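To start, the structure under review is shown below, and the notes come after it.
The values are calculated or read from the model by the stated rules, or taken from the named source; none is laboratory data. Model, not experiment: these values are computed from the prediction. Heads up, the Cβs are rebuilt from the backbone with ideal geometry, glycines too, and the neighbour counts pull from every protein chain shown. What goes into the accessible areas is simple: the full protein's heavy atoms, side chains included, and nothing from ligands, DNA or RNA. Shrake-Rupley method; radii C 1.70, N 1.55, O 1.52, S 1.80 Å.
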Amino acid sequence: NKPFSVNELREHFPILDQQVNDHPLIYLDNAATTQKPIAVVEAITHYYLNDNANVHRASHQLSTRSTRSFEAARETVCQFINAKSSKEIIWTKGTTEGFNLLTHVFAKQLKSGDEVIISTLEHHANIVPWQMLVESIGIVLKVIPLTAEKQLDLAAFQQLLNTKTKFVSVAHISNALGIINPVEEIISLAHQVDAQVIIDGAQAVAHLPVDVQTLDCDYYLFSGHKLFAPTGVGVLYGKQHLLESLPPWQGGGEMIKSVSFSETIYNELPFKFEAGTPNIAGVIGLAAAIDFLNSYDRKMLMLHEQMLLAVAESSLLAIPEVSVFCAGIPKSGAISFTVAGEHHSDIAMLLDAQGIAVRSGSHCAMPLISQLNCSGTVRVSLSLYNTLAEVNAFIKALKEVISLLKE
Ligand code: PMP
């Protein structure tokens, strides 16, 4: 592993070195999507310039190379999340598609009255597909409430669990608040009633080491683009015996072993869930992103991010007009706040005028925002390439924005 230096690391992300509105860009919207290191862009370019061919289908040289890189990428992801087998790694377009895949195939085994538990702070991707099953099948969707400190209420969760609970589906890290949910406890409690657990890892994989075997989750979903990889590629991990027991989702080429007009035999894992030509370049880019991350000591990256987050939080808390959500609660990646009497989008727009990119609004978590009794928050989300100087510049700019608005 290379020793960690944020200046060395930033050289891999040339996009960061630019002026926005006559100020140096400070990119603090990493929970929405991360920037891509040169290694990822080069892996994709190399693929298109040298190896481009469809996978698994032909015996010619380019297809052999393309297939080899594509399947090596599956192995890279398998090791990255410590899955037992690469058969458990299914390529998707992203977390949203992962949820839609799962809910579509679960629909075939669920019946009216079966219960599914999600939580108050879920992203819409982990709400709406389940609501579609409420409409089509009549499942009952239950929601884990928040405590006064805006954390998942585990005592209330235990009250919701019963033998009718078939699935529990929660985020590893909240994209709106940045808090780390107690997924280990949730998984073990759910397993006591034989419910299966889906973890939305969209915000976690870039910040925490994820070990699906230690977690013992049944499914784990994430998107490549929040992990320094391109958009349009993501991962659905599922325990092999569970994936084997599920019917396929989309039909077409690749997901079949043989087709005749009287009978079609489906392919084995993981191909059963991968109908059609996949995002080959995206998959190769995702493996390059993981290799890039693994070239550093991840503990050092985490310490750096934790330091930035701690400084951001304590500095925000020191501004009298600012209310920080979940202050003092373990977080990773993001922190959300409001400014008394000011609209979140005004804050974000005025920060942008100074080259600072933050997110404002409901963060695709409208039910959570309505529980927080606000119209939206300002969210600052950090990544390994952010610097202490950037965090300090953001705080200084925020103070200026607040005094400007108070004039
Ligand atoms: N879940 C969470 C927690 C997220 O943060 C996001 C992206 N904002 C998603 C799901 C959806 O991911 P995607 O848009 O990449 O499918």
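Summary of values
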{"read-out": "Relative contact order (percent, whole number), the range 197-349, Cα cutoff 8 Å, 6+ residue spacing", "value": "16 percent"}
{"read-out": "Within the range 47-162: Cβ-based charge dipole about Cα centre, in debye rounded to nearest 20 (Lys, Arg +1; Asp, Glu -1)", "value": "460 debye"}
{"read-out": "Packing rank of 11-19, 187-195, where each peptide gets the mean count of other beta carbons within 10 Å, highest leading", "value": "187-195, 11-19"}
{"read-out": "Per residue solvent-accessible surface (Å²) - the chain, probe of 1.4 Å", "value": "42 Å²"}
{"read-out": "Relative contact order %, the range 75-155, counting alpha carbon pairs below 8 Å whose residues are six or more apart", "value": "25 percent"}
{"read-out": "Sites matching chymotrypsin sites (Phe, Trp or Tyr not before Pro) across the range 259-357 that sit in DSSP coil, with at most 12 neighbouring C-beta atoms within 10 Å", "value": "Phe261"}
{"read-out": "Protection proxy ranking of 280-286, 122-128, 299-305 - average other beta-carbon atoms within 10 Å, highest first", "value": "280-286, 122-128, 299-305"}
{"read-out": "Greater than 20 Å apart at Cα, pairs in Lys2/Lys331; Lys164/Lys272; Lys111/Lys166", "value": "Lys2/Lys331; Lys164/Lys272"}
{"read-out": "Within the range 135-229, trypsin sites (Lys or Arg not before Pro) in DSSP loop having at most 14 other beta-carbon neighbours inside 10 Å", "value": "Lys164"}
{"read-out": "Rounded tilt (10° steps) of 95-106 against the dominant C-alpha axis of the chain", "value": "40 degrees"}
{"read-out": "Helix-derived mean residue ellipticity, 222 nm - over the chain, DSSP H n ≥ 4, -39500 (n - 2.57), to 500", "value": "-11000 deg cm²/dmol"}
{"read-out": "Neighbour net charge for Thr338 - beta-carbon separation under 11 angstrom, K R +1, D E -1", "value": "-1"}
{"read-out": "Apportionment of accessible area to carbon and sulfur, the chain, percent (1.4 Å)", "value": "54 percent"}
{"read-out": "Farthest toward positive dipole pole in the chain [+1 Lys/Arg, -1 Asp/Glu at C-beta], among Phe70, Val212, Gln18", "value": "Phe70"}
{"read-out": "The range 185-246-the range 12-72 distance, computed between alpha-carbon centres (Å)", "value": "24 Å"}
{"read-out": "Charge tally in the Cβ shell below 10 Å around Leu384, where Lys, Arg are +1 and Asp, Glu are -1, Leu384 excluded", "value": "+1"}
{"read-out": "Local net charge near Phe157, Cβ-Cβ under 11 Å (Lys/Arg +1, Asp/Glu -1)", "value": "-1"}
{"read-out": "Crossing angle, helix 298-317 versus the chain [Cα axis fit, 0-90 degrees, rounded to tens]", "value": "40 degrees"}
{"read-out": "The range 399-405 - phi-based ³J(HN,Hα) in whole Hz, Karplus 6.51/-1.76/1.60, Gly and Pro as x", "value": "4, 5, 4, 5, 5, 4, 5"}
{"read-out": "Prolate/oblate/rounded label for the range 189-288 (Cα gyration tensor, a/c 1.5)", "value": "oblate"}
{"read-out": "Net dipole in debye of the chain [+1 Lys, Arg Cβ; -1 Asp, Glu Cβ; about Cα centre; nearest 20]", "value": "560 debye"}
{"read-out": "Sparse-neighbour loop sites [GluC sites (Glu not before Pro); the range 243-297; at most 13 other C-beta within 10 Å; DSSP]", "value": "Glu263, Glu268"}
{"read-out": "Tilt relative to the chain, helix 61-80 - C-alpha long axis, 0 to 90 degrees, to 10", "value": "60 degrees"}
{"read-out": "Nearby lysines by direct alpha-carbon distance to Lys396 (threshold 22 angstrom, same-chain neighbours under 8 apart not counted)", "value": "Lys406"}
{"read-out": "Relative contact order, percent, the range 251-334 [alpha-carbon distance under 8 Å, six or more residues apart]", "value": "18 percent"}
